[in-house]
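The values are calculated or read from the model by the stated rules, or taken from the named source; none is laboratory data. Source: prediction; values computed, not measured. All Cβ positions, glycine included, derive from the backbone under ideal geometry; neighbour counts span all protein chains shown. These area figures cover heavy atoms from the full protein model, side chains too; ligands, DNA and RNA do not enter into them. Shrake-Rupley method; radii C 1.70, N 1.55, O 1.52, S 1.80 Å.
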Amino acid sequence: MRVAWLTDLHLDHATDSQRDALYAECQASTADGFLITGDIATGPLVCDCLRELGDVCDRPLYFVLGNHDFYNSRIDRIRREVSDLCGIQTNLHYLTDQFSTALSENVGLVGEDGWGDGTEGDYENSSVRLSDFALIEDFAEQNPEQWKNHLRALGAESEDRLRPKLQKALERFATVVVATHVPPYREACWYEGHTTDDNWAPFFVCGQMGNLLTEMALEHPARRIVVFCGHTHHPGTASMADNLTVVTGGAHYGAPGITGILEIGSAECLWRVNGCQPL
Ligand SMILES: [Fe+2]
Ligand SMILES: [Fe+2]
C-alpha cells in the first residue's frame, strides 16, 4: 500500500489555479490513500476544503487538524463540524477522533492534532506572538496571562487522547505510524536545516506528546514508531530512539502539493519525502 502525504496546504492562501494543480496532482497519484497533517485552511473553510479534497482524491483520506484550521472560529466547534462531516463523507477519516486504522497486516495508523504547548523553550521571554492568539476565539477571549496554561492544557489533552490509542496500536502492530501537526520534539522542529531555538520552541513543539512517544518507544522496544508532522513548513528527519523516528514535512504558502510517499509493507513503513532522509 502507498499513501501520499500532504501537510500545511493552507488552501485559503491558494489561487484557483494553484488549487487546480493540487487536485490534478492528487487525481494523477497512484497512491492508495492520502494523509494530511493539518493546516488545511482556516476554520470556516475547512469543511468545504475537506469535502472537495475527499471528492477529488476519491480514496481514503486520513487527516489531523492544525492550528490554522481553527482560525476565525473555536477549537471545539471546528472539531465537531469536521467529525460530523466524516460521518457523511465516508472516505474522510479524522484521526484525532478515531482509534487505530490498519494500513496493512502489521502497520497501524493513529493520529492527533497536537499543539505547541509551551512546555519547551523559554515561554516567559519569548518575543513570538502567533496569530493563533488573535484569530482563535478560545485565546482571543482570554487574558494573555491565561495563554500559557491554556497551551499546556491543549498539549495535555493531546497526550490524553493519543495515549490509549497508541498503547493499543503498539500491542497489535509491529509498526505504528503517528500523524500529528506539531513536531513533538525540538529535534524534529526544523527551520532552514536547523532545529528550533528557545524563542520559537514554546509554540512549535508539543512537548507532552513527545514525552508520551518516548515513554511508549521505551516500553515497546520491539515495535517501531514513525511520526509524520508539519507546522514548521521546513523538512527534516529526527531519530529520537532506535525505534522512534520523526519526519517533518516541508510546505510553501501558495504551493500546496504532495510532499512525500509512505510505502507501507506488511510490517514496516518506508518513506520518500522531499527534503527528508529515507529510513
Ligand atoms: Fe502551517
Ligand atoms: Fe501550523
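Quick one: accessible surface of residue 240, probe radius 1.4 Å, all protein chains present, in square angstrom to the nearest 10.
60 Å²
How much length is gained if the chain between residue 252 and residue 88 is pulled fully straight, taking 0.36 nm per residue apart and subtracting their Cα-Cα distance, in nm to one decimal?
56.0 nm
Would you rank 253, 185 by solvent-accessible area, highest first, keeping every protein chain in place and using a 1.4 Å probe?
Numbers: 253 110, 185 20 Å².
From most exposed to least exposed: 253, 185.
Quick one: if the Förster radius is 25 Å, what FRET efficiency do residue 81 and residue 131 give, using the C-beta to C-beta distance and rounding to 0.05?
0.75
How much of the accessible area of the chain, probe 1.4 Å, is carbon plus sulfur, in whole percent? Working shown, then result.
Details: 5360 of 11180 Å².
The computed percentage sits at 48.
Given an 8 Å cut-off on Cα distances and at least 6 residues of separation, report the relative contact order of the chain as a percent.
24 percent
Leaving out ligands and nucleic acids, and using a 1.4 Å probe, what accessible area per residue does the chain come to in Å²?
40 Å²
Could you identify which residue out of 29, 104, 17 has the top mean-square fluctuation in a GNM of the chain using Cα springs shorter than 10 Å?
Comparing 29, 104, 17 in a Gaussian network model of the chain, the most mobile one is 17.
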